[in-house]
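Novice: Dumping the structure here so I can ask a few things about it.
The values are calculated or read from the model by the stated rules, or taken from the named source; none is laboratory data. Source: prediction; values computed, not measured. Cβ placement follows ideal geometry from the backbone for every residue including glycine, while neighbour counts extend to all protein chains displayed. The area values use the complete protein model at the heavy-atom level, side chains included, leaving out ligands, DNA and RNA. Shrake-Rupley method; radii C 1.70, N 1.55, O 1.52, S 1.80 Å.
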Amino acid sequence: MKINAKKLSLTVFLPSLVLGLAACGGNNESGGEAKADENYPTKPISVIQGFDPGGGSDQLAQLTQPYLNEILDTTFTNEYVPGAAGAIAWTRLAQKTENDGYTLSITNSPMLMTNYIINEEFTYNLDDFDPIANVVTDPGIIVVASDSELETYEDFVKYLEENPGGLNVANSGVGGDDFFTQLKWMRETGLDMELIPYSGDGPSWQAVAGGEVEASFNNLGVVYSQVQAGNLKALAVFSEERMELLPDVPTVKELGHDVISGSARGYSAPKGLSEEVKQKLYDAFEQLKEDPEFVEGLEKVALPMDVKIGDEYAQFLKEDEELSREIWEDVKDEYEE
Amino acid sequence: MTVVLKHSIASALVLAMCGIFFIESLSYPVTAARLPQILIVILALLAVLMLVESVVRQRKQNKLDEKTEDSGLVSKVQSTKEINEIEKKEPIKIKRVLIFGTMIALYIFLLETLGYFILTPLFTFGALMYLKATNIMMAIILAVGFTVVIYFLFSMLLNVPIPLGIFF
Amino acid sequence: MEDLLVGLGNVLSFSNLFFIAVGMTLGIFIGSMPGLSATMAIAILLPLTYGMDPATGISMLAALYMGAMYGGSILAILINTPGTPAAAASGLDGYKMTEKGQAGKALGISLVSSVVGGLIGAIVLLTIAPLLGEVALKIGAVELFAIAVLGITIISSLSAGSVVKGLLSGTLGLLISLIGMDLITGTPRFTFGNIYLFDGISFVVALIGLFSVPQALRLIETDKEAVEVSKIKDKILPSWKEFVSLRMTLLRSSVIGVFTGLIPGTGGDTASWFSYNEAKRFSKEKEKFGTGHAEGLAAPESANNAVVGGALVPTITLGIPGSSTTAVLLGGLMIHGIMPGPTLMTEHAGVAYTLLWAVFFSCFFLFALGLLYTKVAVGVTKVPSKVLAPIIILLCVIGTFAVHNSMVDVMIMLGFGILGYLMDKLNIPVSPMVVGLILGAMLDTSLHTSLKISGGDWMVFLSSPVAVILLIVALITVLQSTPFFGKLKSLVAK
């Protein structure tokens with residue numbers, strides 16, 4: 001009977017507890033925290049990551065945060081909340097965390113936006129965030145097998161002109177950055193090809209190397225070492241200018257098709273940070289960008305630095321969102337049927 | 001509960017699941033729906049077969065029982081295997097399983113709010129006492145001990161997240 | 001060759017050996033906790049290595065991988081609560097041995113098998129890694145589909161008692177594994193609008209529920225102790241004679257382990273079930289499987305440790321992770337500023353070869369430390385059932401939460417716990433469901449990718465010799481389980 005008594009007390013206790021807490025939560029929104037913001041940060045900053053430890057987001061965190069710790073004189077701690085291509089973490093950031101600057105998240109674009117563009121189940125959107133800074137952008141790249149008959153980007157285009165839809169081209173999954181790069185490219189060039197989704201960048205290039213498909217739209221940082229070793233051939237890259245890592249590979253833009261695309265990673269906070277906190281974070285990334293050791297660290301693992309701070313980052317995300325939405329509206333019937 | 005009744009309920013549940021999943025799958029694109037639909041159909045067939053099988057077994061069992069009664073022989077050896085398959089040797093203490101199960105469910109559903117430090121010793125102590133596993137002193141020691149040891153191993157040593165709840 | 005010797009020199013330094021020992025100790029421990037898998041073990045300890053020399057750090061992680069693959073089966077054997085998907089197969093015969101009072105012996109066989117598997121994997125890695133690396137590239141969607149089909153036939157051999165119930169359990173597993181976002185079309189399937197289901201149901205979570213919760217309930221539902229206390233004097237290591245009698249099983253399973261490891265996307269979980277099935281296929285005492293048979297324990301144990309060496313082959317030679325665990329290891333290399341890929345063996349030869357040797361030497365640490373841990377762990381059989389039950393539940397809840405830092409997972413775990421308990425009461429075997437859960441997604445995606453590439457032509461599956469062979473083996477397996485095959489065999493015998 002002991003049990004029953006316990007259960008009873010719990011049923012009484014719990015609702016009152018929840019109510020009490022809800023009240024507390026409501027009060028925290030506003031209030032004289034201006035002073036606290038001047039001294040920001042006074043406690044560790046938690047970074048919610050939407051992917052597993054050891055993945056791309058974590059990589060960025062491990063490369064970046066030791067420097068940020070020093071610059072801001074605090075500790076960045078990581079919390080991994082993987083699931084639904086990052087959406088579980090970003091939903092939490094948007095809806096459940098305080099906008100006091102002590103909780104940030106690593107935001108991947110275009111994933112951040114394409115998640116909710118494609119699935120209406122996701123309830124967050126770009127307006128829920130204060131983008132702080134983008135750190136790296138891994139540009140898209142077209143690769144083929146080393147023994148492929150397609151020697152250049154022109155060959156690739158010509159083949160598709162003569163055989164519409166005649167090439168199987170891999171991407172890292174429906175809704176991923178490479179998938180959208182393909183859609184953008186197809187729209188720009190008016191060419192058609194067969195899109196073959198794989199579960200990630202790795203399987204996508206491996207399918208090319210193993211001869212299962214003819215080409216892959218991938219990311220430079222991912223395939224760089226394979227291109228260096230001669231396992232893959234790079235045809236063109238989707239960056240604004242040629243990349244230092246592969247200076248001989250032309251950009252798609254210089255070859256006459258205006259498509260810039262890639263996978264970018266940076267930091268964002270929930271909407272409504274105070275100006276002081278925002279500025280402190282902006283300054284930190286400004287300083288980070290100039291640190292030669294940090295720059296070298298990124299180069300070592302073939303991650304192209306692309307620091308965009310504050311409004312510039314926000315603008316970049318907004319534009320990418322609009323373009324992605326437009327493209328998805330065009331093709332969604334094929335996928336939702 | 002008879003064997004046939006048990007299996008009828010199970011089959012009905014599986015069939016219900018098949019129904020819900022099949023209706024759900026109708027809205028998917030053809031390629032996405034293909035494999036699930038094949039599996040759903042197979043599953044539904046198997047559920048029906050399972051029910052039929054249990055009926056057949058029950059009949060066999062009944063016949064066997066009749067035979068034993070008629071001949072008055074204690075030919076248990078033959079039927080032991082079948083009986084074993086249907087009934088467990090020791091009687092199940094249903095009430096105990098249900099209460100322990102409820103404790104587990106409560107532990108899980110309250111953990112996120114009340115948190116690890118309050119609920120874990122409470123659950124361990126309650127369970128040990130209810131099951132009459134140890135005396136009261138030992139139960140307290142185990143309850144507190146495990147809470148602390150697991151916390152140290154998981155959170156301090158391995159840095160693995162633990163549901164600490166809202167108070168911590 | 002020179003690099004090989006440099007690596008050997010590196011690994012034999014005091015600090016490297018020390019950290020290999022540390023990694024091994026932690027690995028065995030983490031692996032034995034429900035929910036904490038080898039993949040997680042590496043992810044957890046990765047940050048610890050940031051301050052270390054890369055070679056030392058990576059060596060420690062390799063030892064950790066090896067240890068965790070072994071550790072997973074300890075609790076599977078002792079209390080039927082597998083800590084990892086790979087260990088679920090070990091529990092089939094392992095726990096039966098414990099019930100018979102042979103816990104010590106079971107742990108001994110498991111340890112020796114793991115060491116043998118680990119060593120064979122390590123030797124392959126040290127000698128012919130560059131030759132085998134290419135295999136990883138040759139396995140495409142078509143071959144993966146054939147592997148998945150072959151895997152699914154395992155279900156039939158796990159369906160002792162009632163074939164209908166075994167198939168029901170397996171089909172249910174396959175269907176459940178399809179929950180989540182479909183890779184090809186991006187459609188969320190059977191998620192009912194819940195974003196926590198978008199990635200599907202993690203099979204670690206399902207597995208903990210299916211095995212551990214019913215086990216805890218079984219422990220309390222009678223007043224009888226479930227397990228005979230293993231005598232302290234119970235000899236742990238198998239005798240030479242026993243070891244020799246297992247040699248073919250060990251060798252075959254290790255080879256299966258190495259190859260399963262090589263294939264990207266398959267790891268210890270698949271390897272252990274495959275090798276269990278093959279051990280049974282080639283055994284003279286098929287009927288003893290599932291009743292506490294040494295072969296049935298040795299097979300999955302050696303296979304899942306051989307996976308370590310196998311999975312590292314494409315990881316090191318090409319930068320393609322051979323399993324989810326090595327994927328995290330690759331991430332670790334990147335964070336250490338080392339670019340994984342085909343250039344690893346040349347540009348970072350020191351690190352690469354130290355890692356290879358570390359895998360080899362970690363097997364010896366596995367033996368020594370495993371023996372020590374085993375001697376302590378046998379004590380678990382002395383804990384009364386009713387004390388054990390709440391503790392199992394605690395470990396499951398905390399362990400499941402840790403997997404994705406998610407309370408939703410814990411609730412899913414409980415759901416599977418109830419399902420597992422009810423299945424047990426209806427005598428529906430759980431193992432086929434585990435196989436279904438492991439292989440379902442692989443079957444689905446490889447089928448779709450293959451058909452997408454071929455433009456819908458099913459003949460694509462006959463275009464690859466490897467796939468054809470695997471599909472024929474699958475066909476034979478299915479025929480073997482039908483009465484028709486028995487008749488044919490007796491005809492031939494006459």
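Novice: Trypsin sites (Lys or Arg not before Pro) within the stretch C:268-354: which are DSSP loop residues with at most 15 other Cβ atoms inside 10 Å?
Specialist: Passing both the DSSP loop test and the Cβ count: C:Lys284.
Novice: If you don't mind, there's one more thing I want to ask. May I ask you to find the residues of the stretch C:112-137 that are shielded by at least 20 Å² of accessible area once the whole protein assembly is considered instead of their isolated chain (probe 1.4 Å)?
Specialist: Correct list: C:Leu137.
Novice: For the stretch A:177-237, count all C-alpha to C-alpha pairs, find those more than 19 Å apart, and express that count as a whole percent of the total.
Specialist: Result for the distance tail: 27 percent.
Novice: Relative to a virtual label point 7 Å from the Cα of B:Glu53 in the Cα→beta-carbon direction, which members of the stretch C:130-159 show backbone nitrogen distances below 17 Å?
Specialist: Residues C:153-159 fall inside that zone.
Novice: A follow-up question, please. Within the stretch A:48-109, list the GluC sites (Glu not before Pro) lying in a DSSP loop whose Cβ has at most 14 other Cβ atoms in a 10 Å radius.
Specialist: For GluC sites (Glu not before Pro) across the stretch A:48-109 that sit outside H, G, I, E and B with at most 14 neighbouring Cβ atoms in 10 Å, the list reads A:Glu98.
Novice: I want to check the label-to-label distance for B:Val144 and C:Val383. Put each point 7 Å from Cα in the C-beta direction and report it in nm to one decimal.
Specialist: According to this spin-label approximation, the distance is 2.0 nm.
Novice: What residues have an amide H closer than 5 Å to that of C:Thr187, excluding those fewer than 5 places away on the same chain, when H is modeled at 1.01 Å from N in the peptide plane?
Specialist: Hits under the 5 Å cutoff: C:Asp182.
Novice: Shape verdict for the stretch A:138-262, please, from the Cα gyration tensor: rounded (a/c under 1.5), prolate (a/b greater than b/c) or oblate.
Specialist: The shape class here is rounded.
Novice: Then there is this: Report, as an integer, the average count of C-beta atoms from other chains found within 10 Å of each Cβ along B:155-165.
Specialist: Mean partner shielding for this stretch: 5.
Novice: In Å², and per residue, what accessible area does chain C have when probed at 1.4 Å with the other protein chains present?
Specialist: Accessible surface, normalised per residue, equals 33 Å².
Novice: Using a 1.4 Å probe, what is the accessible area per residue for chain A, in Å²?
Specialist: 43
Novice: With the crude spin-label approximation of a point 7 Å out along Cα→Cβ, what separation in nm comes out for B:Ile99 versus C:Asn194?
Specialist: According to this spin-label approximation, the distance is 3.0 nm.
Novice: By Kyte-Doolittle mean hydropathy of at least 0.0 and Cα axial length of at least 24 Å, which whole DSSP H helices of chain C are selected?
Specialist: C:14-32, C:54-79, C:103-138, C:141-157, C:203-221, C:294-318, C:349-377, C:385-404, C:407-425, C:431-454
Novice: Which entries in B:Lys60/C:Lys100; C:Lys165/C:Lys280; C:Lys165/C:Lys375; A:Lys158/A:Lys332 show an alpha-carbon gap greater than 30 Å?
Specialist: Cα-Cα > 30 Å for B:Lys60/C:Lys100; C:Lys165/C:Lys375; rest within.
Novice: Round to a whole number: what % of the accessible area of the stretch A:97-139 belongs to carbon and sulfur, probe 1.4 Å?
Specialist: Carbon and sulfur: 39 percent of the exposed surface of the stretch A:97-139.
Novice: Multiply the residue gap between A:Glu194 and A:Arg242 by 0.36 nm, knock off their C-alpha separation, and tell me the result in nm, one decimal place.
Specialist: 14.6 nm
Novice: Could you calculate the FRET efficiency of A:Thr77 with B:Leu15 from 1/(1 + (r/R0)^6), where r is the beta carbon distance between them and R0 is 30 Å, rounded to 0.05?
Specialist: Calculated transfer efficiency: 0.05.
Novice: In peptide A:208-216, how many Cβ atoms from other protein chains are near each Cβ within 10 Å, on average?
Specialist: 4
Novice: Give me Rg over Rh for the stretch B:94-157, both radii from the alpha carbons and Rh done the Kirkwood way, two decimal places.
Specialist: Using only Cα positions, Rg/Rh for the stretch B:94-157 is 1.00.
Novice: If r is the Cβ-Cβ distance from B:Thr134 to C:Leu422 and R0 is 51 Å, what FRET efficiency results, to the nearest 0.05?
Specialist: The formula returns an efficiency of 0.95 here.
Novice: Given chain A reduced to its alpha-carbon atoms as identical point scatterers, what log10 I(q)/I(0) does the Debye formula return at q = 0.09, 0.10, 0.11, 0.15 Å⁻¹?
Specialist: Reported log10 I(q)/I(0), two decimals: -0.54, -0.65, -0.76, -1.24.
Novice: Oh, and also: Can you give the accessible area buried between chains B and A, summed over both chains, with a 1.4 Å probe, in Å² to the nearest 100?
Specialist: 1000
Novice: Show me the GluC sites (Glu not before Pro) within the stretch A:159-253 that DSSP assigns to loop and that have at most 14 other Cβ atoms within 10 Å of their Cβ.
Specialist: Within the stretch A:159-253, the qualifying GluC sites (Glu not before Pro) (loop, at most 14 other Cβ atoms within 10 Å) are A:Glu240, A:Glu241, A:Glu244.
Novice: When the helices in chain C are scored as -39500 (n - 2.57) per DSSP H run of 4 or longer and the sum is shared across all residues, what 222 nm value do you end up with, to the nearest 500 deg cm²/dmol?
Specialist: Helices in chain C give a 222 nm mean residue ellipticity of -24500 deg cm²/dmol.
Novice: Averaged over its residues, how many other protein chain Cβ atoms are within 10 Å of peptide A:78-84's Cβ atoms?
Specialist: Counting other chains' Cβ atoms within 10 Å and averaging over A:78-84 gives 6.
Novice: Rounded to the nearest percent, how much of the accessible area of the stretch B:94-157 (1.4 Å probe, protein heavy atoms only) is carbon and sulfur?
Specialist: 80
Novice: Continuing with this model, one more query. Please report the carbon-and-sulfur percent of the accessible area for the stretch A:149-279; probe 1.4 Å, protein heavy atoms only, DNA, RNA and ligands left out.
Specialist: Ligands and nucleic acids excluded, carbon and sulfur reach 42 percent.
Novice: With only alpha-carbon atoms in the gyration tensor, what are the semi-axes of the equivalent ellipsoid for the protein assembly as shown, in Å, largest first?
Specialist: Working from the Cα gyration tensor, I get semi-axes of 45, 35, 30 Å.
Novice: Continuing with this model, one more query. Using a basic spin-label model with each label point 7 Å from the Cα along Cα→Cβ, how many nm lie between B:Asp65 and C:Glu134?
Specialist: The two pseudo-label positions are separated by 6.8 nm.
Novice: Moving on to the next point. Gap in Å between the Cα centre of the stretch A:162-195 and the Cα centre of the stretch A:65-141?
Specialist: 27
Novice: So how far, in whole Å, is the C-alpha centre of the stretch C:236-285 from the one of the stretch C:397-446?
Specialist: 25
Novice: For the stretch C:327-343, which residues drop by 30 square angstrom or more in accessible area between the chain on its own and all protein chains together (1.4 Å probe)?
Specialist: Relative to the lone chain, where solvent access is computed with a 1.4 Å probe, the stretch C:327-343 loses at least 30 Å² at C:Met334, C:Ile335, C:Gly337, C:Met339, C:Pro342, C:Thr343.
Novice: According to the square roots a ≥ b ≥ c of the eigenvalues of the Cα gyration tensor, what is the shape class of chain C, taking rounded for a/c under 1.5, prolate for a/b larger than b/c otherwise, and oblate for the remainder?
Specialist: rounded
Novice: In addition: If you average the alpha carbon positions of the stretch C:153-204 and of the stretch A:260-337, how far apart do those two centres end up, in angstrom?
Specialist: 37
Novice: Same structure again: Two decimals is fine: what's Rg over Rh for the stretch C:144-247, C-alpha atoms, Kirkwood radius as Rh?
Specialist: Ratio of gyration radius to Kirkwood radius: 1.12.
Novice: Roughly what % antiparallel, to the nearest 5, for the DSSP beta bridges in the stretch A:138-262?
Specialist: 60
Novice: Now for a different question. Based on the Cβ-Cβ distance from A:Glu70 to A:Gln279, what FRET efficiency comes out when R0 is 22 Å, to the nearest 0.05?
Specialist: 0.75
Novice: In square angstrom and rounded to 100, what buried accessible area do you get between chains C and B, total over both, with the probe at 1.4 Å?
Specialist: 5800
Novice: Among C:Thr477, C:Thr291, C:Phe364, pick out the residue whose Cα is farthest towards the positive end of the charge dipole of the stretch C:2-480, where Lys and Arg carry +1 and Asp and Glu carry -1 on C-beta, about the Cα centre.
Specialist: The one lying farthest along the dipole's positive direction is C:Thr291.
Novice: Just how large is the dipole of the protein assembly as shown about the Cα centre, in debye to the nearest 20, putting +1 at every Lys and Arg Cβ and -1 at every Asp and Glu Cβ?
Specialist: 7520
Novice: At a 1.4 Å probe, which residues in the stretch A:157-201 are at least 40 Å² less accessible with all protein chains present than in their chain isolated?
Specialist: A:Val174, A:Ile196, A:Pro197
Novice: For the interface of chains C and A, what total accessible area is buried with a 1.4 Å probe, rounded to the nearest 100 Å²?
Specialist: Roughly 3300 Å² of accessible surface disappears when C and A pair.
Novice: Something else now. Considering only the protein assembly as shown, what is the antiparallel percent among its DSSP beta bridges, to the nearest 5?
Specialist: 65
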